[in-house]
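Quick one: structure below, then a few questions.
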Amino acid sequence: MTDHRGATTIDPDRLVLAEVLGGGLRNRRITVLGFARSGIAVARFLADAGARVTVYDGRPTAQLRAAIAALEGRHVTLRLGPDVDPVATWRHAALVVASPSINPDYPTTEPRLRQALAALRDARAGGDPEAPAIVSEPDLFLRLCPAPTIGVTGTKGKTTTAALTAALLAGIPAHPAVLGGNIGIPLVERLPELTAEHRVVIELSELQLPTLSRGTTVAAYTNVTADHLDRHGTVEAYRRAKRRLAELVDPDGALVLNAEDPVVAAYAGLGTAPAVLYRRERPIPGGVGVVDGWIVGAGVQRLPLVGGGAAAVGPGGRILPLDELAIPGAHNVSNALAAVSVALLLGVAPDAIRRAAAGFTGVEHRLETVAVAGGIRYVNDSQGTQPDAVIAALRAFPAPVVLIAGGRDKGVDLSGLAVVAAERAAAAVLIGESADAMAGLFGAAGLARIERAASLDEAVATASAIARDALAAGGAAGAAGDPGRAASGPTGPFATVLLSPAAASFDMFVDYAARGRAFRAAVQRLLAGVAR
């Protein structure tokens, strides 16, 4: 294809990393849509490859100062603000690279941009020689990546699973492990350093999956329930988006599937790649499970890329005892089983798996202990935006637990969470736009104490006071499922103040990470004030 200026448009199917790094994109016009983390990374990568990059974002320049600074002086044309016509930014482009959140099929994409992208896609499909192809940043990465890739997805648990998987794969020094994707680190800029010897773990969300045309070597699933209905409309549409990774997996790779989740277990019949199923009981043949307090493998077959054959395990299939896992909660046993399954597929020895798993203490914003003081454990679970994740967090700690929740409603049914909150929490301190709705649900479910707070500082202070009262009462304010008993620690009983919002952050913060950092800072300020 050629554009009206006579320059050929870029066929994404013919992109090769060596050619890109060797100057194959030099002076080619490429438009990048979106100027958040993903857009910044791809703009930097393409500019370094010699492309003539234009970045479009509908937000005004004043809101994008940090993004502009992140370009570090690279020559990039910026077309920013609500007055810019997005069509004009790609009129002469040979390729359009979009951030995953920008998609003509997402109602959450700005209407004018959504309409323009739909028209561009239709023109491309209709054979218009002037219409550039559209690819997403993660799709561009997978097209160019020379290393085996492990895609990790699921409604909850994917961040912990992805991070633990990377930690386990690092047990083979000859194959350096790289972690990124939805976990907050776009991987496209890492392409120049990657080789076939690397192992790349990429966390993929429902936002990124529909934009993919390439699969990963291994597709690992935690679970699939319901989330992000504001973007997908129905549970069925959300599940269809999640299924995309299983549909695209490399036939010479493998699926790693949670046998305890009926939606995920059904993916075993998709495509031609073999499946490794895991569960928190005796393993299915060829899978991973738990026997007598140990994670065990039952004849997992290594991938052809590492020589095939049965994966090495200890006597009786043993790999590591559950009590050596440093991450709390039964749900994290499932996450560990998924990560161990991937490690076995890629030939990591059981002793290396055991060492790495014992040393893994979790990830930021996911059941992250940020402080322990005065008998109170402060836990940052800001990534707990979905009810199943919050339920798992509430069940991960003994009573008394004081829950801080609320934010922007994601359109997901919270009635099941309300029942568990009433059973497990001493109280809830609610923030943000959804505070009133949550208060109604939690109160109707039987939670006796519900407070509201205008800020995270106020919420932390209120929750701390409730936790201290519960400890003073000997844990009597604890959960119905664990009455009258506080969690024991090395110096006595503990209460837990748990930020696990069951809501999006965008009413008060730019993202979940900013909310988590604000929680950590609020705890530090509170403790500093107590110390004075």
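Every number in this text was worked out from the coordinates using simple rules, so none of it is lab data. For clarity, every value in this text was computed on a predicted model and none was experimentally measured. Positions of Cβ are generated from backbone atoms using ideal geometry, with glycine treated the same way; all protein chains shown enter the neighbour counts.
Label points 7 Å out from Cα along the Cβ direction at A88 and A18: separation in nm?
My value for the distance between the label points is 4.2 nm.
So, with +1 on the Cβ of K and R and -1 on the Cβ of D and E, and no other charges, what is the size of the charge dipole of the chain about its Cα centre, to the nearest 20 debye?
Value, rounded to 20: 600 debye.
Mean separation of Cα pairs under 8 Å and 6+ residues apart, divided by the residue count of the chain: what relative contact order is that in percent? Numbers along the way, then the final one.
On the way: 1203 pairs, mean separation 54.4, N = 532.
It comes to 10 percent, rounded to a whole number.
A follow-up question, please. If you stretched the chain out fully between V333 and A444, how much longer would it get, using 0.36 nm times the residue separation minus the C-alpha to C-alpha distance? Don't skip to the end; give the middle numbers.
Working: separation 111, 0.36 × 111 = 39.96 nm, distance 3.19 nm.
Length gained between V333 and A444: 36.8 nm.
Roughly how large, in nm² to one decimal, is the mean projection of the convex hull of the alpha-carbon atoms in the chain?
If I average the Cα hull's projected area over directions, I get 25.5 nm².
With the dipole of the chain worked out from charges on the C-beta (+1 for Lys and Arg, -1 for Asp and Glu) around the Cα centre, which of L344, L255, V76 lies farthest toward the positive end?
It is V76, whose Cα lies furthest towards the positive end.
Sorting check: for 343-351, 504-512, 58-66, which peptide has the highest mean count of neighbouring beta carbons within 10 Å, and how do the rest follow?
343-351, 504-512, 58-66
Name the long-range amide H neighbours of V201: under 5 Å, sequence gap of 5 or more, or other chain; modelled H, no Pro or chain starts.
Placed amide hydrogens put I150, V178, L179, G180 under 5 Å from V201.
Out of the DSSP beta bridges found with both residues in the chain, what percent are antiparallel (nearest 5)?
Restricted to the chain, the bridges split so that about 25 percent are antiparallel.
Next question, about the same structure. Can you give the relative contact order of region 17-84 as a percent, counting alpha carbon pairs under 8 Å and 6+ residues apart?
Value for region 17-84: 33 percent.
Whole-Hz ³J(HN,Hα) for each residue in region 266-277, computed from phi via Karplus 6.51 cos²θ - 1.76 cosθ + 1.60 with θ = phi - 60°, x for glycine and proline: what do you get?
Running phi through 6.51 cos²θ - 1.76 cosθ + 1.60 with θ = phi - 60° gives 5, 5, 4, x, 7, x, 10, 6, x, 10, 10, 9 Hz.
Let me ask you something else. Return the calculated 222 nm mean residue ellipticity for the chain, to the nearest 500 deg cm²/dmol, obtained by summing -39500 (n - 2.57) across DSSP H runs with n ≥ 4 and dividing by the residue count.
Result for the chain: -10000 deg cm²/dmol, rounded to the nearest 500.
Using the Kirkwood radius over Cα pairs, work out the Stokes-Einstein diffusion coefficient for region 12-136 at 4 °C and 1.567 mPa s, in µm²/s as a whole number.
It diffuses with D of about 88 µm²/s by this estimate.
Here is a further query. Give the distance, in whole Å, between the Cα centre of region 311-327 and the Cα centre of region 379-437.
First find each Cα centre; the distance between them is then 32 Å.
Over all directions, average the projected area of the Cα convex hull of region 1-84 and note it in nm².
Dividing the Cα hull surface by four gives the mean projection, 6.1 nm².
Rounded to the nearest angstrom and ordered from largest down, what semi-axes does the equivalent ellipsoid of region 368-531 get from its C-alpha gyration tensor (root of 5λ)?
Ellipsoid semi-axes (Å, largest first): 22, 19, 13.
Further, regarding this structure: Can you list the equivalent-ellipsoid semi-axes of region 12-57, largest first and in whole Å, using the square root of 5 times each Cα gyration tensor eigenvalue?
Value: 19, 10, 9 Å, ordered largest first.
On each of the three principal axes of the Cα atoms of region 145-359, give max minus min coordinate, whole Å, ordered largest first.
On the principal axes, region 145-359 reaches 48, 39, 32 Å in Cα extent.
So, one more: Measure of size requested: the Rg and Dmax of region 263-335, with Cα atoms as the atom set and Å as the unit; please supply both.
13.2, 36
I'd like the antiparallel share, as a percent to the nearest 5, of DSSP beta bridges with both residues in region 145-359.
Numbers: 9 of 30 bridges.
Of the beta bridges lying entirely in region 145-359, close to 30 percent run antiparallel.
Kyte-Doolittle mean at least -0.5 and Cα extent at least 18 Å along the axis: which DSSP H helices of the chain qualify?
111-125, 330-345, 456-472, 512-531
Right, another one. Using only alpha carbon pairs under 8 Å that are at least six residues apart, calculate the relative contact order of region 145-359 and give it in whole percent.
Reported as a whole number, the value is 21 percent.
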